[in-house]
Amino acid sequence: MKFYPAQIIQSALLCAALLGLAPLANANDNLNPPPKQVTQTIENAKLMGWGTLRWFGLRVYDGQLWSNAEPEGFNYKRDPSWLELKYARSFDGSDIAERSIDEMEDIGAGTEEKRKVWLTKLTAIMPNVEKGHSLSALHTPGKGLHFYRNGLPLAKVDDPELAEAFMGIWLDPKTSAPEMRRELIGLKKR
């Protein structure tokens, strides 16, 4: 069988995509415009950045962050923000809640007792997600979080410490996904 240059390039790109070395689509192709909750709640909100979380090369979700801060000065503990995750796979809500608590522990958020209480709250809130679904959090520092599923209200959390810990999963300097953090905040230019 004789291969032509175009076939070799197509084969190489397909192999790279299957191995997770190259995306089949850009992460920003999977983003949504700012929801009305952002424009109504965060004055002068703008898209700070977007990124993709991969696990062993497999796309887990695409995220985008909206705020009114500048990337260099952004502080998730101080600046209001909207974080939206659009899932590329299906997950049980209880698994999302448990993983969230593990990530909070890794960044040093809360005590063991508080994380147990938070797990109960998050398990009651987090729905199962299917490929293409989105979960969003509107964070108002010092007040709490509003959760949304596919743009519709899901739950309100009036616990500022839980709200900060939840946002810290992606935005704290100690996050387990530092590359995605830089992308979301807009510190990594594309």
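The values are calculated or read from the model by the stated rules, or taken from the named source; none is laboratory data. Since this is a predicted model, take the numbers as computed values, not measurements. Glycine also receives a Cβ, built like all others from the backbone with ideal geometry; neighbour counts cover every protein chain displayed. Heads up: the accessible areas ignore ligands, DNA and RNA and are worked out on the full protein's heavy atoms, side chains in. Shrake-Rupley method; radii C 1.70, N 1.55, O 1.52, S 1.80 Å.
Residue 78 label point, 7 Å along Cα→Cβ, cut-off 15 Å on backbone N: hits in the range 132-174?
Hits in the range 132-174 for residue 78 at 15 Å: 141-142, 173.
Please calculate how many Å² of accessible area the range 47-190 carries per residue, with a 1.4 Å probe and no DNA, RNA or ligand atoms counted.
Here the per-residue accessible area is 48 Å².
Protein chains only, probe 1.4 Å: how do 43, 103 rank by accessible area, largest first?
Greatest to least solvent exposure: 43, 103.
Per the 1.4 Å probe, what fraction of the accessible area of the range 83-133, in percent, lies on carbon and sulfur atoms?
The value for the range 83-133 is 46 percent carbon and sulfur by accessible area.
Can you list residues whose amide H is under 5 Å from residue 81's amide H, if they're 5+ apart or on another chain and H is modeled 1.01 Å from N?
Distant-sequence amide H within range of residue 81: 139.
What accessible surface, in Å², does a 1.4 Å probe find on residue 99, ignoring ligands, DNA and RNA and rounding to the nearest 10?
Surface accessible to solvent at residue 99 totals approximately 130 Å².
Which entries in 131/188; 121/156; 46/131; 86/131; 77/174; 77/143 show an alpha-carbon gap greater than 18 Å?
The pairs that break the limit, which is 18 Å between Cα atoms, are 131/188; 46/131.
How do 120, 41 rank by accessible surface area computed with a 1.4 Å probe, from largest to smallest?
Most to least solvent-accessible, the answer reads 120, 41.
Give me the number: length gained by fully extending residue 56 to residue 182, i.e. 0.36 nm times residue separation minus the C-alpha to C-alpha distance, one decimal in nm.
43.4 nm
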